[in-house]
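A.B. asks: Input: one structure, supplied below.
Laboratory data are not the source of any read-out in this text; all were calculated from the coordinates shown. None of these values were measured; they are calculated from a predicted model. Glycine also receives a Cβ, built like all others from the backbone with ideal geometry; neighbour counts cover every protein chain displayed.
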Amino acid sequence: MSYQGTGSQGTLVGTGSHGAQQFFRIQASDNATVVINGTGIFISATTNAGSSTNTAGLVQSSLTISTTYPLSGGGDLSANRTLFVVTGGAGQVLITSGGVSGGLTWVNTLGGATGSVYAPTGGSYIVFSADTDLTNEKVLTASNNITITTDSTTIWISATTGAAGAGGGSGTVNAGSAGNLTYYASAGTSVDDLLIGSAGTILAVNSSGALHQYFLLRASDNATVVVNGTSFNVSATTANISGKQDLIAIPLTTTSGGTGRTTIGSAHTILGVNSSEASLTYYAVLASNQTTVTKAGTAIFISASTTGLAQSAVTVSAGSGLSGGGDLSANRTFTVNTNVRDKCIGFFFSGNLSTTMLGEEARIYIPFNMELLDCRLAVTTSATGANITVNPRQYNHLLTANTALYTSANRPRVLTNQLVGSENAEALVTTLYVGSYLGVDVDQVGSTVAGSNLTITFCVRTS
């Protein structure tokens, strides 16, 4: 069976239950469009909200995410976007309140015409040469038999110890004196005497390995040397050192006649002389506080590290509202100034005063413990015939009980013909407790002419 006919634009032909042909309309629903192109019907989803009512969770891809300094990145929503903090240049740090919108900026710390130096120029710094930008620097200088070298992270302080000695083994003993150390002056079998050095010296050899010499081991700048048992402890110090400290050795008995011979010490040891200048022993060179000891070839390197240390001249200052502080040579304490803790509580009674004013019903909550310092009164019309007198009270947290803060004779008052007044003496109760309420009764307003427009100011100090 054939069917002839034409439906309206945007319809499809389907088969009915009894063979008849039917037309069905294709309509665009939420977030979809229908377009006819030639013989094709195109059904497309869209994120354009248009007049659709089902747009939950969808936004326009033309929307943009923008950034301000020091952030960068962003863009429209047609793709994934990444935000990041702008990286500063060499020698720059990120600080707040740099004078630009946003509150953060990179600033230079390299000094000179284009940089800002944030370290104090008057601080006590250890330097290798005088610096025109500093006023109180200390120049690190090598003393006798000490060399100082640096790399990018380390200061190397090296003691000149000479080369290893020659000799070894047994051989012919020349005539010698008791208490002397024997040594091999050259390769062979002959053993000669070596004179004992003076107190506080160590035994070393020269670069040729042929001549034994004694050297005095001293502490140089920012280092101390202490003998502990059989060890030399070399310690770094941040305090200024005046003078030097010598080494005292522990005795090591040698045989009489100059025939005694000492053995070679272990790694990182040196040979020292005791205070009586009679014998020698080996001492280990150990790293103590902020010090490292390394050995390279025939040299022992003693290095002081200042990592993690601050100059004692650096100060911590008290800003607005604080007292205390000082440099870092001792512990420092900060306290909050009393004027920061001082507050005022005010009551106002408008119009001509009476002893039954509604202002008496006012209750001001006390949020934390306070000390009552003073009470001041002021009126715009003075009273005559009698003083203006008020009775301040402290109510409990349920407002079911109260306590007068002043005795009857000392209650705050404005004398007749005056515009200002105060308490007659210190309050009987000076502590206002947290959770309580403050109220005022007007007891006396003047007998001939009543005062008017009363302001009551309580001066308090928080705990």
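A.B. asks: Using the per-residue mean of other Cβ atoms lying within 10 Å as a proxy for protection, in what order, highest first, do the peptides 356-362, 383-389, 147-153 fall?
C.D. replies: 383-389, 356-362, 147-153
A.B. asks: Still on this model: Could you tell me whether the stretch 340-462 comes out rounded, prolate or oblate from its Cα gyration tensor? Rule is a ≥ b ≥ c as square roots of the eigenvalues, rounded for a/c under 1.5, then prolate if a/b exceeds b/c, otherwise oblate. Please list the in-between numbers first.
C.D. replies: Numbers: a/c = 1.95, a/b = 1.67, b/c = 1.17.
Taking the square roots of the gyration eigenvalues as a ≥ b ≥ c, the stretch 340-462 is prolate.
A.B. asks: Around Val86, which amide H atoms from residues at least 5 apart in sequence, or from another chain, sit under 5 Å from its own amide H, with H modelled in the peptide plane?
C.D. replies: Correct list: Leu71, Ser72.
A.B. asks: Another question, then. Distance from the Cα centre of the stretch 404-419 to that of the stretch 313-362, in angstrom?
C.D. replies: Between the Cα centres of the stretch 404-419 and the stretch 313-362 lies a distance of 25 Å.
A.B. asks: Turning to a different aspect of this structure: State the extension gain, in nm to one decimal, for the chain segment bounded by Asp342 and Ala330, taking 0.36 nm per residue of separation less the distance between their alpha-carbons.
C.D. replies: Full extension of this stretch gives 1.3 nm more.
A.B. asks: In nm, what is the difference between 0.36 nm times the number of residues separating Ile36 and Val59 and their Cα-Cα distance?
C.D. replies: Using 0.36 nm per residue and subtracting the Cα-Cα distance, I get 5.6 nm.
A.B. asks: Another one. Can you give the local net charge around Ser323? Use residues other than it whose beta-carbon is closer than 14 angstrom to its beta-carbon, Lys and Arg +1, Asp and Glu -1.
C.D. replies: Once all neighbours under 14 Å are counted, the net charge is +2.
A.B. asks: Subtracting the Cα-Cα distance from 0.36 nm times the residue separation, let me have the gained length for Thr149 to Asp76 in nm, one decimal.
C.D. replies: That pair, Thr149 and Asp76, stretches by 20.7 nm at full extension.
A.B. asks: Still on this model: In nanometres, what is the gap between the two model label sites at Thr292 and Ala409, each 7 Å from Cα along Cα-to-Cβ?
C.D. replies: 8.0 nm
A.B. asks: Further, regarding this structure: Please check which bits of the stretch 328-370 a label hung off Val434 would reach, taking the label as a point 7 Å along Cα-to-C-beta and the cut-off as backbone N under 13 Å.
C.D. replies: Inside the label zone: 366-370.
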